[in-house]
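S.K.: The structure follows.
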Amino acid sequence: MQVSIKWLKDYIDFDWSAEELADRFTMAGVPVENVIRADEGLDKVVTGRIEKLEKHPDSDHLQICQMNVGEKELIQIITGAQNVAEGQVVPVAMVGAHLPNGLHIKKGKLRGIESNGMICGLQELGFSDSVVPPKYADGIWVFHDPDLKPGDSVFAALGMDDYVLDFDITPNRADTSSMEGAAYEVGALIDQKPKIEDVVLKEDGADWTGDFTAVADEKIAPKYYLRKLTGVKIAESPLWLQARLWNAGIRPINNVVDATNYVMLLTGQPMHAYDAKLFDKTKKIEVRLAKEGEKLQLLNEKEIDLDPQDIVITDGEQAVG
């Protein structure tokens, strides 16, 4: 598990450095394999707004961007990214910037036209493909935070200025496999009670359970809880939430999926969200073992073959999770 220091400090106050906290955890029986700081060794990457965009005269795929990076004058950058548009706020590596893998940004020319920097995708800032949201997997990253201004630090905006502890949790310390668990462990080390707020649930709307059946094989799922939400609009999660997920090694998908993963990281309780329309036909949800030859389509749209020992969630007929 990867534990964000900034997130941890939402629940408990401590003055130790990330390295000292890692040593304290390890001495207490919760080994920390590594201390990660994503922006280490990187510099001169800021937010920039694309003020003007035009095609490169000698290339079908290159575009010329006039960028506002918070300086007196616009700077010109040529990009091959196809998801750029005027008005976007994007990461800009300035001339002199140092990026992962030893990349150093210099002034240059592309097809005879000057380019003074580079517009970046998350991978170019050191993000693993496994955590980059699908929408931005093959292009540049686009910010949607209205509070960001041209020239702001990209590292702070993306959560790269956070220290992350990489826990190697042993089976006997499963209690630390959540942010709340980690907070209680720190609390035990410094004799302080974490500030964990009680969740107050507000229930309203019509009862929907009267015409719906839920069945679970008690040998594999002694308890299976459901709750139905209505009026949900699928959208991108706010940037702070996405940053917490990718700092924990999880790819942001959308606000609904991200919320379930966030709660899982926070509490250690696995969750999953389904489109209620999946169950309109059968009005049933069933937890059972997979059948021989059964298949399942994942969130990344890949289809996998299930093993008869896999636990699946079904609509009473076919697996949906």
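S.K.: Can you tell me how many residues in the stretch 217-243 are assigned to a loop (DSSP other than H, G, I, E, B) and either open to solvent by 80 Å² or more (accessible area, probe 1.4 Å) or within 26 Å of Leu148 (Cβ to Cβ) (or both)?
M.R.: Of the residues in the stretch 217-243, 18 are assigned to a loop (DSSP other than H, G, I, E, B) and either open to solvent by 80 Å² or more (accessible area, probe 1.4 Å) or within 26 Å of Leu148 (Cβ to Cβ) (or both).
S.K.: Kindly list the number of the only condition in (1) open to solvent by less than 30 Å² (accessible area, probe 1.4 Å); (2) under 20 Å from the mean Cα position of the chain (by Cα) that fails for Ile12.
M.R.: Checking Ile12 against (1) open to solvent by less than 30 Å² (accessible area, probe 1.4 Å); (2) under 20 Å from the mean Cα position of the chain (by Cα), the one that fails is (2).
S.K.: Six or more apart or on different chains, Cβ atoms under 6 Å: show the pairs whose first residue is in the stretch 90-117 and under 12 Å from Thr79 (Cβ atoms) and touching a residue at least 24 places away in the same chain (Cβ under 8 Å) and whose second is part of a helix (DSSP H, G or I) and open to solvent by less than 80 Å² (accessible area, probe 1.4 Å).
M.R.: Final answer for the pair search is Pro91/Val154.
S.K.: While we're on this one: Name, by its number, the condition in (1) under 24 Å from Trp246 (Cα atoms); (2) touching a Gly at 6+ places or on another chain (Cβ under 8 Å) that does not hold for Glu20.
M.R.: (2)
S.K.: Here's another thing I want to ask about it. If you scan the stretch 36-50, which residues turn out to be in contact (Cβ under 8 Å) with a residue 60 or more places away in the chain and open to solvent by 40 Å² or more (accessible area, probe 1.4 Å)?
M.R.: Residues satisfying the conditions are Ile36, Arg37, Ala38, Lys44, Arg49.
S.K.: Consider Lys277 carefully, then state whether it is among the charged types (D, E, K, R), touching a residue at least 12 places away in the same chain (Cβ under 8 Å) and not in a strand (DSSP E or B).
M.R.: Taking the combined requirement at face value, the residue does not satisfy it.
S.K.: Being in contact with a helix residue (DSSP H, G or I) (Cβ under 6 Å, 6 or more places away or on another chain), in contact (Cβ under 8 Å) with a residue 12 or more places away in the chain, among the hydrophobic types (A, V, I, L, M, F, W, C) and not in a helix (DSSP H, G or I), is that true of even one residue in the stretch 159-168?
M.R.: yes
The values are calculated or read from the model by the stated rules, or taken from the named source; none is laboratory data. All figures in this text were calculated on a predicted structure; none of them were measured in a lab. Neighbour counts run over all protein chains shown; Cβ positions are idealised from the backbone, glycine included. Surface areas here come from the heavy atoms of the whole protein model, side chains and all, with no ligands, DNA or RNA. Shrake-Rupley method; radii C 1.70, N 1.55, O 1.52, S 1.80 Å.
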